[in-house]
1. Using only alpha-carbon positions, what ratio does the radius of gyration of the stretch 240-286 give when scaled by 2.2 N^0.38 Å?
2. Given the -39500 (n - 2.57) contribution per DSSP H run of 4+ residues, what per-residue ellipticity at 222 nm results for the chain, rounded to the nearest 500 deg cm²/dmol?
3. Over all distinct Cα pairs, what is the inverse of the mean 1/r for the stretch 3-231, reported as the Kirkwood hydrodynamic radius in Å?
4. Please turn the phi angles of the stretch 167-183 into ³J(HN,Hα) values with the Karplus equation 6.51 cos²θ - 1.76 cosθ + 1.60 (θ = phi - 60°), one per residue in order, whole Hz, x for glycine and proline.
5. Relative to the longest principal axis of the C-alpha atoms of the chain, give the angle of the C-alpha long axis of helix 22-32, reported between 0 and 90° and rounded to the nearest 10°.
6. Would you calculate the separation in nanometres between label points at Asp11 and Leu123, each defined as 7 Å from the Cα along the Cα-to-beta-carbon direction?
7. Relative contact order for the chain using alpha-carbon pairs under 8 Å, separation at least 6, rounded to a whole percent?
8. In a Gaussian network model over the chain where Cα atoms closer than 10 Å are linked, find which of Val37, Val149, Val178 has the largest mean-square fluctuation.
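Here, each number is a calculation from the coordinates, and none is a lab measurement. Every value quoted in this text rests on a predicted model; they were computed, and no experiment measured them. With ideal geometry, Cβ positions are generated from the backbone for all residues, glycine too; neighbour counts draw on all protein chains shown.
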Amino acid sequence: MDKIIRAVSSDGFIKISAITARVAVQRAREIHDTSPVATAALGRALCAASMMGEMLKEEKASLTLRINGGGPLGSIMAVSDSGGNVRGYVQHPHVDLPLRPDGKLDVGGAVGRDGMITVSRDLGLKEPYIGSTNLVSGEIAEDVTAYFVESEQVGAACGFGVLVDTDLSVLAAGGFIVQLLPGAQDELIGRLEGNIHRAGTVTEMLTEGGAEAIIRRILDGLEPRILAELPIEYRCYCSRERVLEAVSVIGRDELEKIVEEGEETTVSCQFCDTVYRFSAEEIRKLL
């Protein structure tokens, strides 16, 4: 079962969210028919957005994470509700690249480094809160870390990992976001940095014991206290009514042209690939 675990160190100066999201990332892979490197990039973005969305306090809030580094994958989008349920897509899902010299997927090369990471928080107000920073590496974890530090002035460290099997299925997916709270001493920061350095890769920790293993290693010796454990899933909120509403904004001239031609209009959801078909009569009613 996919889930997010939130914990805090015993002294209250470090908080961490850890996620295991194999099922959600596998669902995204099946929907979008992604290549291995696209699966890894989209999976990392989904993990990041899920944990960041779950941090929102407003019940009906949502968070959108956009990454475009100018690489062959194009834009990556991941959207989460305040419960951590997430959906997303990658613009060019079939892009594939040779493995890096160390044998790992070249996510940074596929995403690119010449671009921005943008986070939009919709809290139900008139305008969403939007923050952006330049990409650091295209590997996503470093880029999300830079976003927290530069855009939100929050000391943070992130790690995300997706392990793809030879049959293209997802063996493991997850990650962590650890944040320093006001008052953290240099000694504590040094200890946390040492733990992160020794922890190993995210996929190694996930294989060892899921999100619980991540928290044990990252907060080793800091007596972590579990605050919450929440199930999450890949969840799309599209519906026939919502898609028809979206169609209505394309402009009166375009709608009139559709009615005149009398042909069926087909719209596909970019997040779940569900296909909606509308007759010319339904479009006429929009007018």
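1. Values: Rg = 10.4 Å, N = 47, 2.2 N^0.38 = 9.5 Å.
This ratio for the stretch 240-286 stands at 1.09.
2. -10500 deg cm²/dmol
3. 17.5 Å
4. 8, 6, 6, 8, 7, 7, 7, x, x, 8, 10, 10, 10, 8, 9, x, x
5. On a 0 to 90 degree scale, this one is about 30.
6. Simple spin-label model gives 3.0 nm for this pair.
7. 23 percent
8. Val149
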